[in-house]
Amino acid sequence: MHVQIEASRLKGSITIPSSKSAMQRACAAALLNKGTTVIAQPGISNDDQAALSIIRQLGARVQETNGHIFISSNGLESIRAVHPGTLNCGESGLSIRMFTPIAALNPKPIIIDGEGSLKNRPMHFFEEVLPMLGVSIQSQQACIPLQLKGPLHAKTISVDGSKSSQYITGLIMAYAATVTETTMIEITDLKSRPYIDLTLHIMRHFGMNVPHNDNYEKLVFHAAPPQKNRDIHYTVEADWSSASFLLVAAAINSTLTIKGLDLESTQADKAILKALTEAGAYISFTENSINITTGAPLKAFDFDATDCPDLFPPLVALAAHCSGISRIKGVNRLIHKESNRRQSLEQEFTRMGLRLYSEGDNMYIHGGQQLQGTEVFSHNDHRIAMALSIAALNASGTTIIKDAAAIKKSYPGFYNDLKKLGAAIMQTEA
């Protein structure tokens with residue numbers, strides 16, 4: 001799918017879709033829960049569907065009724081009893097990193113596979129860590145498919161947290177269900193700490209065996225109690241990652257009311273508010289909404305995105321409209337995403353006339369000049385497609401975004417929502 005966008009101003013209100021980060025974690029917790037879980041406001045993105053498919057293959061029964069998802073599982077008994085064969089994780093980086101340790105609780109041989117950009121994402125972490133836990137692993141030069149033979153046995157280990165907190169989330173979930181004595185995961189150089197907070201928050205809601213968090217350097221587990229039947233109701237909160245694009249769109253282009261976001265959320269991308277405030281955006285809050293409007297000229301900002309690298313694309317779109325040179329730290333976290341986002345952002349925004357470049361772990365954006373509409377490419381990356389779309393709203397002429405269907409990975413209704421708010425968009429099949 002290609003999308004053609006003309007300069008246009010947005011106005012109105014929009015309710016943000018559910019968080020895929022929370023939805024996928026809730027799916028894992030529901031699989032490990034012995035009982036029935038009812039998920040309200042479930043996510044519908046491709047990544048959410050990948051997580052639901054995985055838990056089905058690992059023994060859970062999943063049914064959708066009246067907009068709710070009902071998940072029935074016998075917890076560890078379900079996981080250990082099935083013969084899943086091959087688990088296809090779609091293109092979901094979180095799903096493959098989170099569910100691999102959980103799948104390894106099964107004593108039978110399992111193949112972990114995926115599609116698209118996931119084929120090229122390195123899995124060195126599992127090659128280093130899983131053998132320490134009694135799991136044999138074979139890979140394709142540290143990439144998928146992974147061939148596993150468990151079962152995983154929780155032991156005190158030390159792991160490198162610098163690549164992604166998603167690996168740690170998978171270990172936490174697996175350990176919580178199986179530890180038989182006091183056991184620790186010692187972590188060095190953890191990145192994206194707020195995502196560990198989100199994992200622990202959801203685990204508490206599900207009544208799981210939550211470890212003591214010693215300043216993110218040690219996670220201390222005590223012996224897991226025998227599983228009891230427990231029925232859980234969980235409502236998926238709105239997604240700050242998706243919201244960040246609309247919040248930036250409002251700051252640079254329009255007046256919008258953004259509904260459904262939890263200001264107390266542990267989601268990392270809530271930090272977008274800090275960047276918008278530093279840039280001088282006009283923001284006000286009511287009980288269940290954020291009102292943001294274009295006001296005085298926006299100014300350059302300095303922001304550390306190390307713990308929230310998914311904010312890089314909307315932050316570049318924001319910085320393009322800020323007078324002066326903005327600096328965003330955390331470039332090293334961008335290499336192994338759906339695309340190499342450092343290269344993708346620099347290539348495509350340069351096509352639109354923006355001057356930006358990286359030095360070390362920092363990206364510098366010279367903003368304040370009008371962008372030029374042109375043909376750009378999403379690199380099959382949902383966040384690149386959305387960032388270019390937001391920037392196109394203020395660009396001169398016509399912007400054509402190729403392979404814009406990438407947005408289905410996280411925000412399938414993105415272009416429909418922009419149209420409802422007044423954007424001049426035309427979608428065509430590739």
With only helices counted (DSSP H, runs n ≥ 4, each -39500 (n - 2.57)), the per-residue ellipticity at 222 nm for the chain, to the nearest 500, works out to -9000 deg cm²/dmol
Paramagnetic reach from His222 in the stretch 173-192 [backbone N under 18 Å; point 7 Å along Cα→Cβ]: 175-185
If one computes the Cα centroid of the stretch 305-365 and of the stretch 1-71, what distance in Å separates the two points? 28
Residue order, fewest to most beta carbons within 10 Å, for Val210, Val220: Val220, Val210
Averaged over every viewing direction, what's the projected area of the C-alpha convex hull for the chain? Give it in nm², one decimal, please. 19.1
Over the residues of the stretch 1-82, compute the C-alpha Rg and express it relative to 2.2 N^0.38 Å. 1.43
Net length gained if the chain between Thr350 and His153 were fully extended (0.36 nm per residue, minus Cα distance): 66.0 nm
Among Asn380, Asn288, Asn33, residue whose mean-square fluctuation peaks in a GNM of the chain (springs only between Cα atoms under 10 Å): Asn288
Once R0 is set to 51 Å, what does the formula 1/(1 + (r/R0)^6) return for the Cβ-Cβ distance between Gln370 and Gln141, expressed as a FRET efficiency to the nearest 0.05? 0.70
Could you check which residue among Ile401, Ile157, Ile39 shows the biggest mean-square fluctuation in a GNM of the chain with a 10 Å Cα cutoff? Ile157
Once each part is reduced to its C-alpha centroid, what is the distance from the stretch 128-207 to the stretch 384-426 in angstrom? 36
Taking the 0 to 90 degree range and rounding to the nearest ten, how far is the long axis of helix 193-205 tilted relative to the main principal axis of the chain, both from C-alpha atoms? 50
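Report, please, the projected area of the stretch 276-430 averaged over directions, based on the convex hull of its C-alpha atoms, in nm². If you can, show how the numbers build up before the last one.
Details: hull surface 37.0 nm².
Averaged projected hull area, Cα only: 9.3 nm².
Using a Förster distance of 30 Å, how high is the FRET efficiency between Asp214 and Ile335, based on the Cβ-Cβ distance and rounded to 0.05?
That pair, Asp214 with Ile335, gives E of 0.50.
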With springs only between Cα atoms under 10 Å, which of Arg121, Arg97, Arg341 fluctuates most in a Gaussian network model of the chain? Arg121
Could you check the simple spin-label distance between Arg80 and Glu127, using points 7 Å along Cα→Cβ, in nm with one decimal? 3.1
Give, in nm to one decimal, the length gained when the segment between Met426 and His68 is fully stretched (0.36 nm per residue of separation minus the Cα-Cα distance). 125.7 nm
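A short reminder: the numbers here are calculations on the coordinates, not readings from a lab. These numbers were taken from a predicted model, which means no experiment stands behind them. Every residue, glycine as well, gets a Cβ built from its backbone with ideal geometry; the counts of neighbours run over all protein chains shown.
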